[in-house]
1. Using only Cα atoms, what Kirkwood radius does chain A have, in angstroms?
2. Between the stretch A:60-104 and the stretch A:1-38, how many Å separate their Cα centres?
3. Taking every pair of alpha-carbon atoms in the stretch A:20-80, what share in percent sits in each 5 Å bin, from 0 to the bin with the longest distance?
4. What is the spread of the Cα atoms of the protein assembly as shown along each of their three principal axes, largest first, in whole Å?
5. Are there GluC sites (Glu not before Pro) in the stretch A:1-78 that DSSP puts in a loop and that have at most 13 other Cβ atoms within 10 Å, and which ones?
6. Please compute the modelled spin-label separation between A:A72 and A:I115, points set 7 Å along Cα→Cβ, answer in nm with one decimal.
7. Any idea what Rg and Dmax come out to for the stretch B:1-56 if you just take the C-alpha atoms, in Å?
8. Pairs of lysine in the protein assembly as shown with Cα under 24 Å and at least 8 positions apart or on different chains: total?
Amino acid sequence: AQTVTQSQPEMSVQEAETVTLSCTYDTSESDYYLFWYKQPPSRQMILVIRQEAYKQQNATENRFSVNFQKAAKSFSLKISDSQLGDAAMYFCAYRRSNFGNEKLTFGTGTRLTIIP
Amino acid sequence: ETGVTQSPTHLIKTRGQQVTLRCSSQSGHNTVSWYQQALGQGPQFIFQYYREEENGRGNFPPRFSGLQFPNYSSELNVNALELDDSALYLCASSLTQGSHNEQFFGPGTRLTVL
């Protein structure tokens with residue numbers, strides 16, 4: 001079974017600074033997807049960034065980027081120029097790549113606080 | 001384009017009762033997944049419906065059941081409620097047409113079992 005581990009229950013960062021959230025996972029599959037989701041107090045899960053395992057290039061979305069280390073099964077999220085609106089729970093998630101399988105396996109989350 | 005909606009927003013039930021939660025998927029989507037998120041935890045996969053058939057299930061007992069309708073909206077039913085069923089229930093919809101299909105989440109239903 002696949003597992004996702006987030007070892008940082010809470011993180012804080014000064015506004016405009018950079019923060020990195022950690023995630024490790026365990027799988028025997030060679031092809032899969034990894035995600036970072038943001039869950040603000042409104043509770044709605046919002047996709048931040050996605051990485052396909054077969055792509056060596058790290059994904060980037062504006063201020064958000066990942067460091068994907070497939071051999072180490074590590075998938076960290078870097079947030080640059082942190083903004084107050086970035087405060088939320090962040091969840092790392094894994095999904096197998098086979099057709100029709102939408103099951104996401106989530107980590108336990110990291111609560112990110114932005115200090116003004 | 002309408003996003004994923006869920007009803008009700010909040011619900012309070014007593015132990016032993018039954019509850020039905022509803023989800024309207026995003027327009028054009030044919031797959032709905034349900035998740036249970038206990039306080040302070042990440043979401044746990046309950047099951048998935050594709051074209052009105054359950055085609056994936058997590059580690060949840062049979063008293064958790066569901067339906068998907070021809071318009072691809074969905075219901076989650078929980079019988080014989082237990083205190084541990086208190087959680088945020090999230091549904092997510094997607095258009096299954098390849099190996100990757102982005103899921104869009106609804107705002108959730110907060111269920112409290114007393």
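Every number in this text was worked out from the coordinates using simple rules, so none of it is lab data. In this text, all values refer to a predicted model and were calculated from it rather than measured experimentally. Positions of Cβ are generated from backbone atoms using ideal geometry, with glycine treated the same way; all protein chains shown enter the neighbour counts.
1. Over chain A, the inverse of the mean reciprocal pair distance is 14.3 Å.
2. 6 Å
3. In whole percents, the pair-distance histogram is 4, 17, 30, 23, 15, 7, 3, 0.
4. 48, 38, 35
5. Numbers: sites: A:E10, A:E15, A:E17, A:E29, A:E52, A:E61; in loops: A:E15, A:E17, A:E29.
Those that pass, being in a loop and sparsely packed, are A:E15, A:E17, A:E29.
6. Spacing of the two 7 Å Cα→Cβ label points: 2.6 nm.
7. Final numbers for Rg and Dmax: 13.2, 39 Å.
8. 12
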